[in-house]
Structures are given as C-alpha cells and as structure tokens.
Amino acid sequence: MHLVREGEEAAAAARAAGRLLMDHFGAIEQKDVDRKGAADFVTFVDKSSERLIIERLGAAFPDHRFYAEESSRSEAGGWRWIIDPLDGTTNYIHGIPVFSIALALEHEGEIRFGLVFDPVHDELFTAEKGHGARCNGEPIGVSPIRDPSLALLATGFPFKQKHNLGRFLASFEEIFLQVSGIRRMGSAALDLCHVACGRYEGFWELGLAPWDVAAASLIITEAGGRISDFRGGDEAIWGGNVVASNGHLHELLLAAARRHLADLMTAE
C-alpha cells in the first residue's frame with residue numbers, strides 16, 4: 001500500500017508547524033523556557049507545534065495513535081505516529097538556526113513512513129518503506145566515500161548522560177584520528193538526514209529518544225545507508241544508542257562504539 005495521503009498530510013502538518021517555529025524564532029525569552037531535566041528544555045513553541053501536528057493528523061486519520069515527545073504516549077499497535085515537534089530545542093532557544101520537525105508513521109511496530117522538515121532551509125526529507133528517500137521530492141542517496149580519511153562525520157554529546165562523557169570522548173578520539181572531521185550541530189534528526197543525502201558519511205550518539213531517530217532511520221535505509229545500535233543490532237530507535245552511516249564506514253564506527261560504549265544498550 002502506497003501511503004500517498006499519509007505523506008501529503010504529514011508534509012502539510014510539518015510545514016504548518018515549521019511556520020509556527022519560524023514565527024517565534026529569535027524571540028524566545030528565559031521566562032518561556034521550562035526545564036524537563038538536566039540540560040533538557042521545553043518551550044511553549046515545542047508544545048504548540050506538537051498540538052498543531054496531532055490535531056491535524058488526528059483530524060485526517062481519527063483511528064491513528066500518537067507517541068509524541070511532550071504529550072501523548074500511546075501503546076504500539078495499529079497505525080501510530082512518532083512525533084518530535086522541535087528537535088534542537090536548545091539551538092532554538094539560543095537563536096541558532098539548526099532545528100527540525102520529525103514525524104514517523106509505524107504500523108504494528110514497523111516504520112513505514114518518515115519525514116524530517118528543516119524549516120530554516122525549507123528542506124523536506126521523506127521516505128516510504130520500499131519507495132526510496134527524497135529531499136523536496138528529489139531522490140537522495142548516501143555518500144559513496146569509502147576512505148575514512150576523506151569522511152566527514154557528525155555526533156552529539158551525551159548531555160543527558162554526562163556521567164558517560166569520558167567513555168564517549170574515548171570513542172570520539174578513536175574515530176576523530178581516522179577521519180577528516182567531526183561536526184556537532186545539535187539536531188540528531190537533521191544529522192541523520194544529512195547522512196542520508198550524502199553530506200556526512202556517518203553519525204553516532206548515545207541516549208537519544210525514539211522521536212529523535214524513528215523518522216530519519218527509514219530515510220537513511222531507503223537512501224541506501226545503514227543504521228544500528230552500538231552492537232550492530234536493530235535497537236537504535238528504542239534503545240537510543242545510534243550508529244548510522246553510508247554503509248561503507250559502518251564497521252569503523254561500530255568498532256569504536258563496541259570498544260567503548262557497547263554495554264550502554266538502553267537510553268538512561
């Protein structure tokens with residue numbers, strides 16, 4: 001079944017939420033920010049974006065469930081949307097133009113459609129299982145680079161797991177010495193999409209949430225890449241510890257992850 005209507009409705013909801021984000025971008029004050037945990041923040045914009053998306057998708061698909069960062073956490077089963085209404089909230093609060101909206105649609109536990117929208121650059125990344133990955137409607141694919149010394153990677157620091165910083169930095173050093181460079185931009189969903197379209201050759205991070213990973217995981221695989229947990233298994237989305245690549249450099253990233261991080265199999 002080709003998910004044409006689901007894709008159209010998701011794109012419309014994401015673009016509407018993107019306009020909301022851009023309307024308030026650069027105008028967030030400290031009074032607008034709530035703390036969910038250590039270095040974990042939320043604003044009224046996150047909540048408004050999520051409410052808009054759920055209302056629009058709920059009206060279009062009244063039998064669908066929702067698993068969203070700021071509100072609904074329905075159980076798996078049937079059709080369920082996994083939603084991150086603002087990936088990169090800390091960037092957003094500080095006026096840094098790197099953030100995104102991520103929507104994944106799963107059916108009976110399998111991701112069938114993924115969308116990540118970058119409202120700053122008006123880039124809409126999408127994928128449907130078995131039908132390839134696209135950016136603004138044009139097909140995308142991962143980088144062909146095989147030589148680590150030519151590779152550019154992305155990562156994210158474990159801000160929710162600062163007690164694991166030493167181990168993360170050990171993996172960082174091992175990988176950094178083999179590649180041309182590493183970037184830390186602050187939106188995991190966008191980093192993963194940039195792997196999918198060939199801008200990066202790989203990405204790794206620990207302690208991510210399902211809504212950070214679900215949509216982009218399908219975009220990467222449909223673009224010809226690979227995504228896994230730190231042991232090379234299939235627990236990246238729900239385990240929270242992610243290695244993604246163009247496929248050619250996956251074993252290099254896994255070697256460092258296995259050596260320093262493999263026992264961290266679930267997000268803490």
>> Quick check on residue 106: is it of a type in the set (D, E, K, R) and either outside any strand (DSSP E or B) or more than 25 Å from residue 56 (Cα to Cα) (or both)?
In response: no
> Applying the selection to segment 193-230, what residues are more than 24 Å from residue 81 (Cβ to Cβ) and either touching a residue at least 60 places away in the same chain (Cβ under 8 Å) or outside the structural domain of residue 172 (by TED's automatic domain parsing) (or both)?
Replying inline: 206, 224
>> Can you list residue pairs whose Cβ atoms sit under 8 Å apart, with the first residue in segment 72-86 being without any contact (Cβ under 8 Å) to a residue 24 or more places away in the chain and assigned by TED's automatic domain parsing to the domain that holds residue 47 and the second being among the basic types (Lys, Arg) and outside any loop (DSSP other than H, G, I, E, B)? Count only pairs 6 or more apart in sequence or on different chains.
In response: 72/65; 74/65; 74/80; 75/65
> Taking the stated definitions as given, is residue 26 within 16 Å of residue 86 (Cβ to Cβ) and either surrounded by fewer than 16 Cβ atoms within 10 Å (Cβ to Cβ) or modelled with pLDDT of 95 or more (or both)?
Replying inline: yes
>> Filter segment 218-245 down to the residues that are within 18 Å of residue 114 (Cα to Cα) and not hydrophobic (A, V, I, L, M, F, W, C) and list them by number.
In response: 221, 222, 224, 225, 226, 228, 234, 235, 240, 245
> Of everything in segment 215-268 that's touching a helix residue (DSSP H, G or I) at 6+ places or on another chain (Cβ under 6 Å) and among the β-branched types (Val, Ile, Thr), which residue is nearest to residue 103 (Cα to Cα)?
Replying inline: 219
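If you scan segment 131-159, which residues turn out to be over 19 Å from residue 11 (Cα atoms) and surrounded by fewer than 20 Cβ atoms within 10 Å (Cβ to Cβ)?
Filtering segment 131-159 down to residues over 19 Å from residue 11 (Cα atoms) leaves 141-159.
Passing the criteria: 141, 144, 145, 146, 147, 148, 149, 150, 152, 157, 159.
The values are calculated or read from the model by the stated rules, or taken from the named source; none is laboratory data. The model shown is predicted, which means the values in this text are computed figures rather than measured ones. Heads up, the Cβs are rebuilt from the backbone with ideal geometry, glycines too, and the neighbour counts pull from every protein chain shown.
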